[in-house]
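Shown next, in structure tokens, is the structure this report addresses.
The values are calculated or read from the model by the stated rules, or taken from the named source; none is laboratory data. Please read these numbers as outputs of a predicted model, since none were measured by experiment. With ideal geometry, Cβ positions are generated from the backbone for all residues, glycine too; neighbour counts draw on all protein chains shown.
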Amino acid sequence: MRFSEFALTTLKEVPAEAEIVSHKLMLRAGLIRRLASGLFTWMPLGLRVLRKVEAVVREEMDRAGALELLMPAVQPAELWEESGRWDQYGPLLLRMHDRHEREFCFGPTHEEVITDIARRELRSYKQLPVNYYQIQTKFRDEIRPRFGVMRSREFIMKDAYSFDIDRDGMQASYDRMHDAYAAIFERLGLKFRIVDADSGEIGGSRSQEFHVLADSGEDAIAYCDEDNYASNIETAETSPSGDPRPDASQDLEKFPTPGVKTIAELCEMLGITAGQTIKTLIVEGTNGPVALVLRGDHELNAVKAQKLEGVASPLMMADDGVIRRALGAGAGSLGPVGMTLPVYFDHAVGNMADFSCGANEDGFHYKGVNFERDLPAPDTVDLRNVVEGDPTPGGKGTLSIARGIEVGHIFQLGTKYSEALGATVQDESGKNQVMEMGCYGIGITRIVGAAIEQNHDDNGIIWPGPLAPFDVVIVPINMHRSDEVREAAEALYSELGDLGFEVLLDDRDARPGVKFADAELVGIPHRVVIGDRGLAKGEYEYRHRRDTDSRDLKREEVLNLLKESAIS
RNA sequence: CGGGGCAUGGCGCAGUCUGGUAGCGCAACUGCUUUGGGAGCAGUGGGUCGGCGGUUCGAAUCCGUCUGCCCCGACCA
């Protein structure tokens with residue numbers, strides 16, 4: 001491709017809408033342009049990258065025995081009513097109707113459609129296992145689209161669905177996808193981690209997420225390499241410490257704390273740390289509000305809390321009126337002493353002694369509170385997010401916390417959808433069996449953003465080789481004034497093209513600095529500079545995007561080096 | 001959806017408080033000079049100042065209203 005024919009516009013200044021690096025760089029390098037909130041056009045350069053991702057995903061899916069098909073993006077409401085999700089899915093689902101007033105939605109996912117296909121196509125256990133996949137545009141009417149392509153409303157997803165006769169078969173299909181996903185992210189050259197996850201809205205039992213590690217990631221991951229453990233923080237479990245509770249050494253004292261509303265304020269007033277306090281959160285319950293008690297420095301884990309008996313799911317904090325009616329005090333002055341609501345204590349609270357907490361009376365707190373003396377010893381449950389240094393569930397190490405971008409998610413669905421839609425096959429004895437399903441998603445468009453988050457510097461993008469829109473950029477210096485330079489550049493351009501490289505020839509009549517800056521912004525891995533200066537010595541200048549210095553090489557050396565890089 | 005902010009050429013912004021000629025930088029176009037790290041000079045094009053309504057002799061500027069976008073929270077590939 002000749003730069004002069006590529007209609008690429010790069011930006012020196014960043015549009016104000018962009019906040020994270022990948023979004024800024026994608027706009028500046030001309031990969032994407034925004035149409036409306038959460039809607040992006042993939043420009044020619046960006047599309048080249050997208051296609052690279054697709055190609056790798058497709059190859060590995062095919063290799064794993066999955067079958068590609070393509071389902072409609074628009075889906076009839078009836079199917080969603082059959083699965084029960086028409087009412088469940090809520091505003092995330094973009095609904096519409098046709099000229100006959102029939103209801104449809106723009107598919108946010110395709111469990112319903114694929115299960116419908118499966119129940120029509122699959123008759124016998126002999127046809128199983130089957131794993132269908134597609135690479136297709138989804139729409140989710142996100143509450144808050146942001147970060148460019150990372151959380152857009154329209155996005156491209158690879159979604160796959162496996163069908164098996166029994167649980168063992170499903171497990172095998174799941175394991176194959178697990179391995180295929182690992183191979184995909186490996187090949188794409190991304191640093192990633194596989195973590196245990198909550199199965200959430202889609203339903204089902206086992207589920208794991210694939211996270212690209214990046215500081216800007218929206219998810220927190222708890223992991224421990226010694227113990228071979230990794231989990232989304234949503235599902236990382238804590239257990240009671242085996243240590244005995246210390247004895248009480250202080251007397252219970254109630255004291256005035258006018259204006260103290262937060263743990264931080266309480267700590268400042270008493271000169272203690274948050275770890276010596278207790279916070280009491282009131283959430284909506286299925287049968288009136290429920291109190292959740294955590295150590296002051298810990299964070300409530302919503303996924304864990306909403307699974308507790310009597311707690312409303314999805315989790316909702318009780319509003320101030322409810323709290324006041326139930327306890328006679330505001331949110332800043334609550335505590336477990338004399339608590340009249342059903343209450344859950346976090347494991348970590350069970351080990352506390354001489355702690356401080358609210359007195360359930362506005363403007364008053366207790367200090368020197370102790371279990372078994374001031375309130376009954378608690379049964380404890382897992383309520384909080386793990387923190388750095390917590391023991392692993394296996395007990396062999398301690399947890400570290402990293403941030404990640406979720407680019408893949410695999411689920412064991414079981415029979416949730418096959419049951420609802422009646423997707424059965426006959427088994428060996430001729431009896432109808434409900435098929436066991438798994439589903440497997442990869443955010444194709446998100447991968448592009450995630451790759452940039454992980455691979456960039458001050459000058460721009462540094463594409464991992466397999467993702468690069470071009471392999472090589474040729475930068476001729478003064479091409480329009482030097483016949484030697486022009487001929488050398490043209491010759492190299494066509495030769496590399498013949499060798500199968502994707503080459504960008506920067507044939508613009510621009511100053512060198514402009515070309516260098518664009519080459520770096522766009523992030524093409526290999527750069528070959530050709531100028532009169534080097535040609536006089538029979539040399540080209542080569543530099544990899546990751547290198548800080550360039551090397552003067554003979555033409556043959558450049559060719560060999562590129563050929564070698566293509567093999568590895 | 002709740003809270004905060006913004007809307008002025010393609011992009012980044014000033015001007016708004018205190019009403020009176022729409023401006024700067026980048027980008028684009030033309031010409032000349034220049035050519036190894038985002039060049040210089042001269043010139044050109046492009047904006048109903050987000051929409052609608054109001055106040056006023058006069059509105060980018062004041063008032064009302066609507067829309068769009070961004071940021072902070074619950075959702076997710």
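Data for the structure
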read-out	value
Output for the stretch A:13-67, where each listed residue is touching a strand residue (DSSP E or B) at 6+ places or on another chain (Cβ under 8 Å), among the charged types (D, E, K, R), touching a residue at least 12 places away in the same chain (Cβ under 8 Å) and part of a helix (DSSP H, G or I)	A:Arg28, A:Glu54, A:Arg58
Selection count, the stretch A:282-309, where residues are within 25 Å of A:Glu268 (Cβ to Cβ) and either aliphatic (A, V, I, L, M) or within 16 Å of RNA strand B (Cβ to nearest atom) (or both)	8
Residue satisfying all of: in the stretch A:494-517; near RNA strand B (Cβ under 8 Å from one of its atoms) and not charged (D, E, K, R); nearest to A:His456 (Cα to Cα) among these	A:Ala517
Only one of A:Arg120, A:Arg153 that is near RNA strand B (Cβ under 10 Å from one of its atoms) and on the phi < 0 side of the Ramachandran plot	A:Arg153
Flag for A:Thr238 being polar (S, T, N, Q), more than 12 Å from RNA strand B (Cβ to nearest atom) and surrounded by 16 or more Cβ atoms within 10 Å (Cβ to Cβ)	yes
Among (1) farther than 20 Å from A:Ser216 by Cβ; (2) in contact with a strand residue (DSSP E or B) (Cβ under 6 Å, 6 or more places away or on another chain); (3) among the acidic types (Asp, Glu), the one test that A:Glu406 misses	(1)
Positions within the stretch A:530-543 being buried (at least 16 other Cβ atoms within 10 Å of the Cβ) and more than 6 Å from RNA strand B (Cβ to nearest atom), in sequence order	A:Ile530, A:Leu535, A:Glu539, A:Tyr540, A:Tyr542, A:Arg543
Residues being crowded, with 22+ Cβ neighbours inside 10 Å and either within 14 Å of A:Tyr540 (Cβ to Cβ) or touching a Ser or Thr at 6+ places or on another chain (Cβ under 9 Å) (or both) - total across the stretch A:494-506	4
Among (1) outside any loop (DSSP other than H, G, I, E, B); (2) modelled with pLDDT under 95; (3) in contact with an Asp or Glu (Cβ under 6 Å, 6 or more places away or on another chain), the one test that A:Ser173 misses	(2)
Flag if A:Glu59 is surrounded by fewer than 20 Cβ atoms within 10 Å (Cβ to Cβ) and either closer than 25 Å to A:Gly217 by Cβ or among the small types (Gly, Ala, Ser) (or both)	no
Considering residues of the stretch A:313-369 that are within 16 Å of RNA strand B (Cβ to nearest atom), assigned to a loop (DSSP other than H, G, I, E, B) and of a type in the set (A, V, I, L, M) only, the residue nearest to A:Val303 (Cα to Cα)	A:Leu315
Single unsatisfied condition, A:Pro72 versus (1) assigned to a helix (DSSP H, G or I); (2) at pLDDT 95 or above	(1)
Condition check for A:Gly500: in a loop (DSSP other than H, G, I, E, B), out of contact with any Leu (no Cβ under 9 Å at 6 or more places or on another chain) and within 26 Å of A:Trp42 (Cβ to Cβ)	yes
Complete set of residues in the stretch A:161-192 that are among the β-branched types (Val, Ile, Thr) and under 20 Å from the mean Cα position of the chain (by Cα)	A:Ile184
Listing of strands (runs of 3 or more DSSP E) fully contained in the stretch A:424-493 that carry 1 or more residues being in contact with an Asp or Glu (Cβ under 8 Å, 6 or more places away or on another chain) and surrounded by 16 or more Cβ atoms within 10 Å (Cβ to Cβ)	A:432-434, A:436-443, A:472-476
Matching option when the condition is of a type in the set (Asp, Glu) and within 16 Å of RNA strand B (Cβ to nearest atom), among A:Glu406, A:Glu372	A:Glu406
Set A:Ser482, A:Ser494: member being polar (S, T, N, Q), at pLDDT 95 or above and at negative phi	A:Ser494
Residues of the stretch A:28-44 classified as away from RNA strand B (no atom under 11 Å from the Cβ) and buried (at least 22 other Cβ atoms within 10 Å of the Cβ), total	2
Among residues of the stretch A:4-22, those that are surrounded by 14 or more Cβ atoms within 10 Å (Cβ to Cβ), under 25 Å from A:Glu502 (Cα atoms) and within 11 Å of RNA strand B (Cβ to nearest atom), counted	2
Answer residue from the stretch A:518-529, given it is within 9 Å of RNA strand B (Cβ to nearest atom) and closer than 20 Å to A:Glu5 by Cβ and is surrounded by the fewest Cβ atoms within 10 Å (Cβ to Cβ) among those	A:Leu521
Only one of A:Gly321, A:Gly271, A:Gly259, A:Gly310 that is touching a residue at least 40 places away in the same chain (Cβ under 8 Å) and over 25 Å from A:Ile401 (Cβ atoms)	A:Gly259
Residue ID - farthest from the chain's Cα centre (by Cα), chosen from residues in the stretch A:90-106 that are surrounded by 13 or more Cβ atoms within 10 Å (Cβ to Cβ) and in contact (Cβ under 8 Å) with a residue 24 or more places away in the chain	A:Glu103
Pairs, first over 23 Å from A:Ala517 (Cα atoms) in the stretch A:485-506, second modelled with pLDDT under 95 and in a helix (DSSP H, G or I), C-beta under 9 Å, six or more apart	A:Leu499/A:Ala566; A:Gly500/A:Ala566
